[in-house]
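What follows is one structure encoded as structure tokens, with my remarks underneath.
The values are calculated or read from the model by the stated rules, or taken from the named source; none is laboratory data. Predicted model, so just to flag it, every value in this text is computed and none were measured. Don't worry about glycine lacking a Cβ; one is built from the backbone with ideal geometry, like all the others, and counts go over all protein chains shown.
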Amino acid sequence: MIKIINKDLNLRKIAQSGQCFRMNETAEGRFQLIARDRLLYLTALEDGAVFECTEKEYESFWKDYFDLSADYAAYRAAVDPSDAFLTEAAEEGRGIRILRQDPWEMLITFIISQRKNIPAIKACTEALCGRWGVEIEDTGLHSFPVPEALAGASDDDLKHCSLGYRVPYVRDAARMVSEGRIDLEAIAKLDDEELLEALMKVPGVGPKVGNCVSLFAYHRIAAFPIDVWIGRMVDEHYGGRFPVERYEGFAGIMQQYIFYHALQTKNK
């Protein structure tokens, strides 16, 4: 077990932040996370978390996955003190970190995310994993399906995962990746603008989905995805235009604080 003390590591807030759909609180303060073919259990601390893994696993994978080398206190300190809304959002969101997730999984889950709430996205994701993922060490839990598995799925089978109109988008994305028409590893070498352009060549990927994949899979923290909730907050508090230039290079972190704040406000 690895104990990490960090005031900017809050498991519950990360799980609720809309960036990861396979991190769930299974008991008070205890979380289950599936990333690629890895299963991790974590326990929340007041200021940090306990990772139930070996030091080697933590250093080789989970430390980078949770972006634990970055100083999120410095990002929060950069908030314009005259911006009362963002100051409040950043404080409420303290503990959220931008996870470094798998590009293929993020591509599919954010295609699915369009016009769905977080519980529905999670349900669709688990349905895909249960049908086409590989069981992880006899746990009854499954990895995210590989592209070839979804590429070979029938439309009827995909419909049974509650994908609705997204069925052809998921199918075509899987075929593009499995056939090598888009190389998700190779495009990681592109700059931010080129990366977004490459992602938007995939059917069903527009600016919002492309920016989400850029941010949550490729860790392009300058990306600022705008969905319905972010759009409303930007309209209400910034007259329709968020000052991304003030947060050049890390506006995506501000976006997460705003998104989490919007969700919390909605749920109150």
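Here are the numbers:
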{"item": "Members of segment 49-77 that are part of a strand (DSSP E or B) and either of a type in the set (Lys, Arg) or more than 18 Å from ARG100 (Cα to Cα) (or both)", "result": "VAL50"}
{"item": "Hits in segment 12-31 (condition: touching a residue at least 60 places away in the same chain (Cβ under 8 Å) and either assigned to a strand (DSSP E or B) or acidic (Asp, Glu) (or both))", "result": "ASN24"}
{"item": "Lone unmet requirement of (1) on the phi < 0 side of the Ramachandran plot; (2) without any contact (Cβ under 8 Å) to a residue 40 or more places away in the chain for GLY239", "result": "(1)"}
{"item": "Every pair of residues 6+ apart whose Cβ atoms lie under 7 Å, when the first sits in segment 106-131 and is within 12 Å of GLY164 (Cβ to Cβ) while the second is of a type in the set (Asp, Glu)", "result": "none"}
{"item": "Flag if ILE34 is within 24 Å of LYS208 (Cα to Cα) and either in a helix (DSSP H, G or I) or in the same structural domain as ASP71 (by TED's automatic domain parsing) (or both)", "result": "no"}
{"item": "Residues being under 20 Å from the mean Cα position of the chain (by Cα), at pLDDT 95 or above and more than 16 Å from LYS116 (Cβ to Cβ) - total across segment 192-212", "result": "12"}
{"item": "Checklist (1) assigned to a strand (DSSP E or B); (2) out of contact with any Phe, Trp or Tyr (no Cβ under 8 Å at 6 or more places or on another chain) applied to THR43, failing item", "result": "(2)"}
{"item": "Any hit, segment 247-264, residues being polar (S, T, N, Q), under 16 Å from TYR72 (Cβ atoms) and under 20 Å from the mean Cα position of the chain (by Cα)", "result": "yes"}
{"item": "Qualifying residue in segment 114-131 (condition: assigned by TED's automatic domain parsing to the domain that holds LEU150, among the basic types (Lys, Arg) and over 25 Å from GLY210 (Cα atoms))", "result": "yes"}
{"item": "Some residue of segment 86-95 being hydroxyl-bearing (Ser, Thr, Tyr) and not assigned by TED's automatic domain parsing to the domain that holds GLN19", "result": "no"}
{"item": "Residue identified as of a type in the set (Asp, Glu) and either assigned by TED's automatic domain parsing to the domain that holds SER60 or in contact with a strand residue (DSSP E or B) (Cβ under 8 Å, 6 or more places away or on another chain) (or both) among GLU135, GLU179, GLU194, GLU185", "result": "GLU135"}
{"item": "Residues (more than 14 Å from MET1 (Cα to Cα), over 21 Å from the mean Cα position of the chain (by Cα), free of Cβ contacts under 8 Å to residues at least 12 places away in the same chain and loosely packed, with under 14 Cβ neighbours inside 10 Å) located in segment 37-87", "result": "GLU46, ALA74, ALA77, PRO81, SER82, ALA84"}
